[in-house]
Amino acid sequence: MRIAILTGAGISAESGLGTFRDKDGLWTQFDLAEVATPEGYGRNPAKVLDFYNMRRANARDAKPNAAHHALGRLCDTHDVTLITQNIDDLHEQGGAKDALHIHGSLFEALCAACGHVWPHRDDMSVRDVCPDCGTAGTVRPNIVWFGEIPYLMDEAVAAIRTADLFVSIGTSGTVYPAAGFVEIAQEAGVGTLELNLEASGGRFDEVREGAASVIVPKWVDDVVSAKG
Ligand code: NAD
């Protein structure tokens, strides 16, 4: 069975990383237009870099939870394409290889001048210099901001269209294009399942509600035992 899985901030919530839109979510504390758009970065790069320095520090301390570990196990036994909107590295720490990070990574830098991308685990500053083109003041996190085009969309959509099952985990389904993945799956005749604390209201064949650390391992056990 081929499975395409989309994850969102909800799978990392129990690892201590805030979601965006829930009560107390990051967007209730910060202005999205200021910290997650190219225009915000253009206006005040230091503020944007500080915001992500804080989030990178949180993510550096975070540990994968039972849901990340369960998906890591599933990747070992099944044909899984894991597509994540998350910019943390908890899927990798949980044992999943080759996750498609369609919104980029907190742990990579991108030079806004030349497009060079490199691993970057420390704080970023407006004084940083691109190691490739030598430009100063153009180093930013390799994160897809609002108004920018997500990465790896062709691979993600192809995996969904050719899957037997599409599973959406811990995402509110409000950020496009990922929010449209369930329709892409349905148009291709692929079964759809949502695992979420609360149903997003998307058109899924089946919805299971609960905390990711509980319902994701349970679902993985069901899939593994069905294989026999
Ligand atoms: P969102 O904040 O819009 O929605 C969070 C979803 O998680 C909700 O549907 C909520 O019901 C669910 N949820 C909350 N706690 C849960 C739990 N314990 N178990 C299961 N589900 C739970 O987040 P989203 O849909 O991922 O929004 C997309 C954007 O958020 C993306 O751009 C993504 O990059 C970004 N984001 C990423 C991180 C991260 O990398 N850890 C954190 C916050 C936001």
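Here, each number is a calculation from the coordinates, and none is a lab measurement. Keep in mind that this is a model prediction, so the values were computed, not measured. Counting neighbours? That spans all protein chains shown, and the Cβs are built from the backbone with ideal geometry, glycine included.
Charges at C-beta only: +1 for Lys and Arg, -1 for Asp and Glu. How large is the resulting dipole of the range 97-228 about its Cα centre, in Debye rounded to 20? Numbers along the way, then the final one.
Values: 9 positive and 19 negative charges, 38 e Å.
Approximately 180 debye in magnitude.
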If amide H atoms are modeled at 1.01 Å from N in the peptide plane, then the residues at a separation of 5 or more from Arg2, or on another chain, having amide H under 5 Å from its own are Asp164, Leu165
Phi angles of the range 35-44, converted by Karplus (6.51 cos²θ - 1.76 cosθ + 1.60, θ = phi - 60°) into ³J(HN,Hα) in whole Hz with x for Gly and Pro, give 10, 9, 9, x, 5, x, 5, x, 6, 8
By the Kirkwood definition, with r running over pairs of different Cα atoms, the range 1-156 has a hydrodynamic radius in Å of 16.3
Given Cβ charges of +1 for Lys and Arg and -1 for Asp and Glu, the option among Ala212, Val35, Ala57 whose Cα lies farthest towards the positive end of the dipole of the chain is Ala57
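Taking every pair of Cα atoms in the range 32-124, average 1/r, invert it to obtain the Kirkwood radius, and report Rg/Rh to two decimals. Please list the in-between numbers first.
Details: Rg = 15.0 Å, Rh = 14.6 Å.
The Rg/Rh ratio comes out at 1.03.
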Quick calc, the chain, dipole around Cα centre from Cβ unit charges on Lys, Arg (+) and Asp, Glu (-), nearest 20 debye, gives 260
Calculated from DSSP helices alone, with each H run of at least 4 adding -39500 (n - 2.57) and the total divided by the residues of the chain, [θ]222 nm to the nearest 500 comes to -10000 deg cm²/dmol
The answer for Thr192, listing residues at least 5 apart or on another chain whose modeled amide H is closer than 5 Å to its amide H, is Phe166, Asp205, Glu206
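If you take every residue apart from Met153 with its C-beta less than 15 Å away from the C-beta of Met153, what net charge results, scoring Lys and Arg +1 and Asp and Glu -1? Don't skip to the answer; put the middle values down first.
Values: positive: Arg161; negative: Glu148, Asp154, Glu155, Glu183.
It works out to a net charge of -3.
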Amide H proximity to Glu108 below 5 Å, modelled H, separation 5+ or other chain, gives His120, Asn142
Cross-link reach from Lys97 to aspartates and glutamates, straight Cα distance under 18 Å and at least 8 residues apart if same chain, gives Asp76, Asp79, Asp88, Asp89, Glu108, Glu155
